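A short worksheet on the structure shown next.
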Amino acid sequence: MSANGPLWWIAGTPWNEIAGTEKQLASALAEYREVAWVDPPAPVFGGRARGVLPSAEKVAHRISRVIVPVPPGASRPVIKPVAEMMLQRALNSRLREGRTPAAVIVAGPLARFPRGIPGVKVFFVTDDWVAGAPLMGFSAARIDRCMRRNLRDADLVAAVTPDLAERLQQLQPGLRVLHLPNGCVPLPAPPDGPRRKTAVLLGQLNERLDLSILEALATAGIELKVIGPRTERDPAVSARLDSILAMDSVSWEPEIPAAAIPDRLSRASAGITPYADTAFNRASFPLKTLDYLSAGLPVVATDLPAARWLRTGHVLIEGTAEGFVAAVKRVLEAEPTREQIAERQHMAREHSWDARARAFLAAVDAPAPAWEGDHFLITRFNLPTPGPESLVRARDGWLRERAELFERYCLPSVAAQTQTAFRWVIYFDPESPHWLRDRIREWSAGGLFTPIFRASVENGQLLADLRSLSGGSAAAELMTTNLDNDDGVAADFVERLQQAAGHARGVRSALYLPRGLILSGRRLFARTDRTNAFCSVVEPWAGAVTCWTEWHTMLGRTMPVREVQGPPGWLQVVHGGNVSNRIRGVRVPPENYRGLFPGLLSGAEPPSAAERTYELLLGTPRRAVRSGLRTAAKTVLLQLAGKDGIDRVKEHIGALKAAVARGRS
């Protein structure tokens, strides 16, 4: 990834719609980088689609527009996964062509980060989309789920107001959040001479406006120039807008070319931003306010945080219709001086889209904060454990098989790590046989791991062991990562975890690399598991609980979760001694992953043509159904009987299997 590489913009709105925040910022960024604007998925029979295959066209300087045709109803729950898959394939195709992005920006309430795409992940939040769901015609619950997932995936969040930035930070503590207000396009100095005593309202007409203020202005005989389309949904709002726009003192232009807007603004004497006091508006940053200042106009705005944030006497803030009317009358009566016009335009230049683009790129290009805490991989090798696992461990040959798997997969994968600033602690049973103790001495001779023999490990004992091995480190933070002894990890596993930990300073967080591989004999499968067993917890040393505090599937119940995106980061090996691992995911050729897992995939083979057909028609769907049924059953059982209940069921099933095996022998 190059610091000067292209930007991929996963847009919330099509390129050819109203030039709002997304399009304005993307256009400003194109002065510095190539931008690939990815339209929301286009229905294959709609006007935006160019046939049935993805297409790309140049739409502006350094900006290409990517359109991915999808089946109709792409926003519906049944079709949406198909649409997401088609978008993912189109982006993967661009990646294979060598168009590697420096950053992937996701904007819009229902857009999501594509999987496995390199680059800094930026979630750009332009409004309180959950509060604005009725206005947009979307489900608030669905938007909330999508936002939370994007927050987990993001490296950086950009928000247009401080209030919105603060709330997003609370949803995902430790995440880097950039306050990036809206901007404007600086305009040339307006012509000298008197202007019409007209107040101008620029932008969409809908439920966001305080219609009582517009009615009061028109009733007071103030000349209003309204420029912008009507986008309201509420019939009652439609009726009031009909009445307002029909008044003698109001003129309305629903659509004008963007190039004509400066001329219209130069003829007016004041700009107005009469937004209603709603949760959605309080988190917004109206574009029109800076546009007015750019034209040298004084502004009267309702009392919203974005207006107060500007901290200027050129924006008068009024909270009532009466006060708003009085303020508009005052500014219309006052003849502006050249100095006042120049001050307003100077302020607008300081808040230009170019300034926003430079601030955005500075944040994107900033190196991830280095994490300098104590990082431990912790492994239970044959630590005595109660419950269903004890039945597996009691099986003849289990320990020798486990030693072979450890030596074949786990040990070399840790030795191959690109980041070596970590320690590895492995717990063994004090009753381990002599042959295993001999092997342990051989394995640990080079100092790759520290063996500790204990009959059990409570949290206090674990923390004491880790502290004793930290070498008197003064680090304030601890990261613990679970690693099973029969599995492997990618060569950059530790490096990626520590990079992600740099974004979670001071806040206990669970980290997962959701993408991984499953190896069964010669067959290799790719799987996404968002709560996999290769879990980590990064936290302050004071009050630490470690990644063993809870089942790996449940860490998110007590702490924020951060997903570390990228290529597969772990390898599960399915074999006869597994406690719970099964073949899951999609069969893949091993050639794409050998570099990530050096030496671990030597026995894997690509699927034959017949195997690919079987996987497509039967294998993958059948595994998906089985996995879904198991997950649903486990969820119900967990709710009814709790964790102990699940352990009892597993123990009974394990005992039954053992009895059957004895009967066959």
If we keep just the residues of region 76-104 that are surrounded by 14 or more Cβ atoms within 10 Å (Cβ to Cβ) and in a loop (DSSP other than H, G, I, E, B), which is modelled with the lowest pLDDT? ILE79
Test for LEU600: is it of a type in the set (A, V, I, L, M, F, W, C), over 30 Å from ALA154 (Cβ atoms) and surrounded by fewer than 20 Cβ atoms within 10 Å (Cβ to Cβ): no
For region 14-26, which residues satisfy the criterion of being of a type outside the set (A, V, I, L, M), surrounded by 20 or more Cβ atoms within 10 Å (Cβ to Cβ) and part of a helix (DSSP H, G or I)? THR21, GLU22, LYS23
For region 135-175, name all the residues that are within 21 Å of ALA276 (Cα to Cα), touching a Phe, Trp or Tyr at 6+ places or on another chain (Cβ under 9 Å) and either free of Cβ contacts under 8 Å to residues at least 24 places away in the same chain or of a type in the set (Asp, Glu) (or both). ALA140
Quick check on region 123-157: of everything there that is aromatic (Phe, Trp, Tyr) and over 25 Å from ALA501 (Cα atoms), which residue is modelled with the highest pLDDT? TRP129
Do we find that ARG344 is free of Cβ contacts under 8 Å to residues at least 60 places away in the same chain, part of a helix (DSSP H, G or I) and either of a type in the set (Asp, Glu) or crowded, with 18+ Cβ neighbours inside 10 Å (or both) in this structure? yes
Hits in region 266-289 (condition: under 23 Å from GLU339 (Cα atoms), within 36 Å of the chain's Cα centre (by Cα) and either modelled with pLDDT under 95 or part of a helix (DSSP H, G or I) (or both)): LYS288, THR289
How about region 603-613: which of its residues are under 13 Å from ARG523 (Cα atoms) and either among the charged types (D, E, K, R) or surrounded by 11 or more Cβ atoms within 10 Å (Cβ to Cβ) (or both)? GLY603, ALA604, GLU605, PRO606, PRO607, GLU611, ARG612
Subset of region 27-44 [open to solvent by 20 Å² or more (accessible area, probe 1.4 Å) and of a type outside the set (Phe, Trp, Tyr)]: SER27, GLU31, GLU34, PRO40, PRO41, PRO43, VAL44
Candidates ILE440, ILE426, filtered to the one that is farther than 26 Å from LEU513 by Cα, modelled with pLDDT of 95 or more, among the β-branched types (Val, Ile, Thr) and open to solvent by less than 30 Å² (accessible area, probe 1.4 Å): ILE440
Against the definition (under 17 Å from the mean Cα position of the chain (by Cα) and surrounded by 17 or more Cβ atoms within 10 Å (Cβ to Cβ)), how does ARG523 come out, yes or no? no
Inspect all residues belonging to region 472-490 and state whether any of them is under 23 Å from the mean Cα position of the chain (by Cα) and polar (S, T, N, Q). yes
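Does PRO433 qualify as being of a type outside the set (Gly, Ala, Ser) and more than 29 Å from the chain's Cα centre (by Cα)?
Values: of a type outside the set (Gly, Ala, Ser): yes; more than 29 Å from the chain's Cα centre (by Cα): yes.
Criteria met by PRO433.
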If we ask which residues in region 410-462 are assigned to a helix (DSSP H, G or I) and within 26 Å of ARG594 (Cα to Cα), their number turns out to be 7
In this structure, is THR302 polar (S, T, N, Q), under 41 Å from the mean Cα position of the chain (by Cα) and closer than 10 Å to GLY271 by Cβ? no
When SER456 is run through (1) within 19 Å of ASN482 (Cα to Cα); (2) of a type outside the set (Asp, Glu); (3) surrounded by 15 or more Cβ atoms within 10 Å (Cβ to Cβ); (4) modelled with pLDDT under 95, the failure sits at (3)
Answer yes or no as to whether ARG508 is surrounded by fewer than 23 Cβ atoms within 10 Å (Cβ to Cβ) and within 19 Å of the chain's Cα centre (by Cα). yes
Breaking point among (1) in a loop (DSSP other than H, G, I, E, B); (2) open to solvent by less than 10 Å² (accessible area, probe 1.4 Å); (3) of a type outside the set (Lys, Arg); (4) farther than 24 Å from PHE123 by Cβ, for TYR292: (1)
Is there a residue being part of a loop (DSSP other than H, G, I, E, B), in contact with an Asp or Glu (Cβ under 6 Å, 6 or more places away or on another chain), under 28 Å from TYR614 (Cβ atoms) and at pLDDT below 90 anywhere in region 557-572? no
Could you list, in sequence order, the residues of region 475-491 that are touching a Ser or Thr at 6+ places or on another chain (Cβ under 7 Å) and under 13 Å from GLY516 (Cα atoms)? GLY488, VAL489, ALA491
Out of everything in region 467-496 that is in a loop (DSSP other than H, G, I, E, B) and hydrophobic (A, V, I, L, M, F, W, C), what residue ends up being nearest to ALA403 (Cα to Cα)? LEU483
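Each row is one residue, and each column tells you yes or no for (1) within 30 Å of PRO430 (Cα to Cα); (2) open to solvent by 20 Å² or more (accessible area, probe 1.4 Å); (3) modelled with pLDDT of 95 or more.
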| residue | (1), (2), (3) |
| --- | --- |
| THR337 | no, yes, no |
| SER352 | no, no, yes |
| ALA357 | no, no, yes |
| ASP374 | yes, no, yes |
| PRO386 | yes, yes, no |
| ALA394 | yes, yes, no |
Please find, within region 541-555, the residue that is most open to solvent (accessible area, probe 1.4 Å) out of those that are in contact (Cβ under 8 Å) with a residue 60 or more places away in the chain and hydroxyl-bearing (Ser, Thr, Tyr). THR549
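The values are calculated or read from the model by the stated rules, or taken from the named source; none is laboratory data. Here the structure is a predicted model, which is why all the values come from computation and not from measurement. Here Cβ is always computed from backbone atoms with ideal geometry, including for glycine, and neighbour counts include all displayed protein chains. For accessibility, only protein heavy atoms count, side chains too; no ligands or nucleic acids. Shrake-Rupley method; radii C 1.70, N 1.55, O 1.52, S 1.80 Å.
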